[in-house]
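The values are calculated or read from the model by the stated rules, or taken from the named source; none is laboratory data. Only a predicted model underlies this, so the values are computations on that prediction, with no experimental measurement involved. Reconstructed Cβ throughout: ideal geometry from the backbone, glycine too, with neighbour counts over all protein chains shown. Just the protein is used for accessible areas: all its heavy atoms, side chains included, with ligands, DNA and RNA removed. Shrake-Rupley method; radii C 1.70, N 1.55, O 1.52, S 1.80 Å.
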Amino acid sequence: MSPRRTLLSLLVLLATGLVLAGCGGSDGGEQTAEPQPQPTARAEAFPAADGRTLPELIGGMQQGPELAPSVSVLDTGVNRIGFALFDSAGKQIPGAPVALYIGRTNGADARGPFVARSESLKVPAQFESRQTATDPDSAHSVYVADVRFPRRGTFRMLAVVKLDGRLVTTSYQDMKVGGAGELPPAVGQKVPRIHTLTPADVGGDVKKIDTRLPPAPQLLRDDFADVLGRKPIVITFATPQLCQTRVCGPVVDIVAQVQAKVGDKVSFIHQEVYADNDPNKGIRPQLTAFHLRSEPWTYVIGRDGRVSSRFEGAFSAGELERAVAKVTA
C-alpha cells in the first residue's frame, strides 16, 4: 500500500496509563460539560463560495497538507465531519485555521466555508492507556466541522488552510452521502439489543474482552442488553491494541475520563471489535448487529433506546460530555 493511501485510510477506517481504582464517579449532583471550542477562524478569513466552482474558489492557491476525513457514513442535512491534516512527512498539523468546502463531482455549486473547530483528544495521565502513551503517532486533536449536504449522492470536499500567513488548499476527497443496504443506526433510530460480555462471562479474564493496557473495568461492568431501555448508555466499539487507525486508544481513554465524571447515572460500555481479539477471525457479532464496518464508533443512547448522538472516529471529552448531557437532562 502506498504511503499516500495509507495516510488517507488512517482516519477513514475509523480520523487514538493508568486507570484510577474504583473511579466510578458520583451518581449525584449536576455535571457541567466542557463548552464547545471556538472555531479556528472567522468565516470572513476564507473565500466565500458565492456561486463559484471549487476550481474557481481555490484558483491560485498552492497545494497544502493532506486532508484525512474520519467519517464514511453521511446523510442529507448537517453532518459532523471529523478530520485531520497531515504534512508531506505524514505528521499531523494541529491548531491551524481551516475550513471545509463541498461541491458537485465536477466542482460546480461550491458551498462553504464550513469553518472547523479544533477538539483536543488529550486526557489526564490517570486515564491515558499504555497504547496512547507509547505511540508517537497517536492523535492528540481532531478538527470538526458541521457541513450541510443538500442531497444524496457523491460530493467533492476540500479544505482551505491558513499556514504561514497564506491560504493553501488540500486535494479533493469524494464523500458519498446516503447509501443503500443496511446502515449503522442513525440519530433518532432504535438500536438493536445486543449482549456485551462482562468479566463474569470470561471467568474474570478481562483480557479476553478488553485489549486496552491496562484494562478499564469500569467500562466492562454492564451487559448492554440488561441496561438498554433502563438508563442512558454510552457504548464505544473500539480496539486499542488492534485498531486500524491511531484513534481507538485515545477514544477509549476519553470514554473512561467522561465515565469518571458522569458516574453511574449512565452506563458506559467498551465493546472490542474482533472475535477472540484476532483480526483474522473477523468482527464480533455485536458490530455486525449495528452494521458497523469500521472502527471506532461511539453511540450515546437515551432511556428510550434511541440514538441521541453518534461519533464515527475521534471525538473530544467535551463533545462526549455535551452529548451525554442531552440524555441526562
- Query: Nearest 0.05, what FRET efficiency do Thr134 and Asn280 give at R0 = 25 Å with Cβ-Cβ as r?
  - Reply: 0.55
- Message: Taking the Cα centre as origin and putting +1 on Lys and Arg beta-carbons and -1 on Asp and Glu beta-carbons, what dipole magnitude results for the chain, to the nearest 20 debye?
- Response: 700 debye
- Note on the structure: XL table Lys265/Lys326; Lys122/Lys261; Lys91/Lys176; Lys231/Lys326; Cα-Cα > 20 Å flagged, in table order, is Lys91/Lys176
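Which percent of the accessible area of the chain is formed by carbon and sulfur heavy atoms (probe 1.4 angstrom)?
On the chain, the fraction of accessible area on carbon and sulfur atoms equals 49 percent.
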- Message: Please compute the modelled spin-label separation between Arg322 and Ala48, points set 7 Å along Cα→Cβ, answer in nm with one decimal.
- Response: 2.6 nm
- Message: Can you order the peptides 314-321, 84-91 by their average number of other Cβ atoms within 10 Å per residue, highest first?
- Response: 314-321, 84-91
- For the range 49-63, take each phi angle, set θ = phi - 60°, evaluate the Karplus expression 6.51 cos²θ - 1.76 cosθ + 1.60, and give the result in whole Hz per residue in order, putting x for glycine and proline. 5, 6, x, 7, 8, 4, x, 5, 5, 9, x, x, 6, 7, 5
- Note on the structure: per DSSP, antiparallel bridges as share of beta bridges in the chain, % nearest 5, sits at 85 percent
- Item | Å² per residue, accessible surface of the chain at 1.4 Å | 44 Å²
- Average projected area [Cα convex hull, the chain], square nanometres: 16.8 nm²
- Message: Rounded, prolate or oblate, given the Cα gyration tensor of the range 31-162, with a/c below 1.5 counting as rounded?
- Response: prolate
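So if I take the alpha carbon set of the range 128-257, get Rg, then get Rh from the Kirkwood formula, what is the Rg over Rh ratio? Present the calculation step by step, with values, prior to reporting the outcome.
Working: Rg = 19.2 Å, Rh = 18.4 Å.
Ratio of gyration radius to Kirkwood radius for the range 128-257: 1.05.
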- Message: If each DSSP helix of 4+ residues adds -39,500 (n - 2.57) and the sum is divided by the residues in the chain, what number results at 222 nm, nearest 500 deg cm²/dmol?
- Response: -4500 deg cm²/dmol
- Cross-link reach from Lys207 to lysines, straight Cα distance under 18 Å and at least 8 residues apart if same chain, gives Lys281
- If unit charges are put on Cβ atoms (+1 for Lys and Arg, -1 for Asp and Glu) and the dipole of the range 126-197 is taken about its Cα centre, the option from Thr154, Tyr143, Leu197 lying farthest towards the positive end turns out to be Thr154
- Query: Using 0.36 nm per residue, how much length does the chain from Asp205 to Asp164 gain when fully extended, once their Cα-Cα distance is taken away?
  - Reply: 9.6 nm
- Binned Cα-Cα distance frequencies in the range 176-329 - 5 Å width, integer %: 2, 10, 20, 24, 23, 14, 6, 1, 0
- Between Arg306 and Arg230, how many nm apart are label points set 7 Å from Cα along the C-beta direction? 2.3 nm
- Message: Taking θ = phi - 60°, what integer Hz values does the Karplus form 6.51 cos²θ - 1.76 cosθ + 1.60 yield along the range 227-242, in sequence order, with x for Gly and Pro?
- Response: 9, 4, x, 9, 7, x, 10, 10, 10, 10, 9, 7, 9, x, 8, 10
- Note on the structure: If unit charges are put on Cβ atoms (+1 for Lys and Arg, -1 for Asp and Glu) and the dipole of the range 164-306 is taken about its Cα centre, the option from Pro184, Gly249, Ala275 lying farthest towards the positive end turns out to be Pro184
- Ordering of 166-175, 124-133 by packing [mean C-beta count within 10 Å, highest first]: 124-133, 166-175
